[in-house]
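In what follows, a single structure is set out as structure tokens and then discussed.
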Amino acid sequence: MYRSDSCIAHADTESLDDIFRVSVTNNRREGITGCLALPDGKFVQVIEGIRSKVDALVDRIRADVRHRNLTVLGEWPIQNRLFTGWAMARPDPTPLKDQSFRIITETGSGAQVTGILSELTEQTESLFRAGSW
Ligand SMILES: Cc1cc2nc3c(=O)[nH]c(=O)nc-3n(C[C@H](O)[C@H](O)[C@H](O)COP(=O)(O)O)c2cc1C
């Protein structure tokens, strides 16, 4: 779970779509799941998978010039994934209340940020199921 500063203009949806397209293809192949959100000039990403695969991916992402100041907020072993079925979920952080928004963009621990992103992803999933997406 890391946070970084985006070097992509927020309105540049084409570049952002590119990242997601490549990520979904690669992550599906590598058995990686997780989510990537873009609150306010930042990236926050959770990556789940076999340790060696996650390490290799993080090395690649760290070298990517589309962001900088990548800070790992936490890494921990898991029994079960939170983002099962999502090669790279894209939760929308805009409806978050001020406090939660500040947690994910500035102050939060890895566990706090992961919890909020997981909840947001579940909300997106239920919108899908409800047919309003
Ligand atoms: C914020 C951010 C998150 C990324 N997340 C992933 C990811 O989850 N999976 C992935 O394969 N590439 C991800 N990338 C892209 C990688 O840095 C790299 O460009 C890509 O993996 C190269 O894949 P390719 O060799 O298939 O072109 C991310 C890039 C950025 C800037």
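Any read-out appearing in this document is the output of simple, stated calculations on the displayed coordinates, not a laboratory observation. If you're wondering where the values come from, they're calculated on a predicted model, not measured in any experiment. Every residue, glycine among them, receives a Cβ derived from its backbone with ideal geometry; neighbour counts consider all protein chains shown.
Structure notes:
- Label-to-label distance, VAL54 versus SER15, with points set 7 angstrom from Cα along the beta-carbon direction: 2.8 nm.
- The length gained on full extension between ASP5 and ARG28, counted as 0.36 nm times the residue separation minus their Cα-Cα distance, comes to 5.7 nm.
- Charge context of THR105, other residues only, Cβ under 9 angstrom, K/R +1, D/E -1: +1
- Global geometry of segment 2-130, whether rounded, prolate or oblate, following the gyration tensor of its Cα atoms and the 1.5 cut on a/c: rounded
- Note that segment 115-128 has calculated 3J(HN,Hα) couplings of x, 5, 5, 5, 5, 4, 5, 4, 5, 4, 4, 6, 5, 3 Hz, one per residue in order, obtained from phi through the Karplus relation 6.51 cos²θ - 1.76 cosθ + 1.60 (θ = phi - 60°); glycine and proline are x.
- Chain lengthening between ARG68 and THR94 when straightened (0.36 nm per residue, less Cα-Cα): 7.1 nm
- Ordering 69-76, 51-58 by mean Cβ neighbour count within 10 Å, with the highest value first, yields 51-58, 69-76.
- Whole-number percent relative contact order across segment 13-133, with pairs defined as alpha carbons under 8 Å at least 6 apart: 30 percent
- Summed residue charge, Cβ within 13 Å of ILE78's Cβ, Lys/Arg positive, Asp/Glu negative: 0
- 13 Å beta-carbon shell around PRO91, net charge (K/R +1, D/E -1): -3
- If the segment from TRP76 to ALA130 were pulled out straight at 0.36 nm per residue, it would be longer than the present Cα-Cα gap by 16.1 nm.
- Helix-only mean residue ellipticity at 222 nm for the chain, each DSSP H run of n ≥ 4 adding -39500 (n - 2.57), per residue, nearest 500: -13500 deg cm²/dmol
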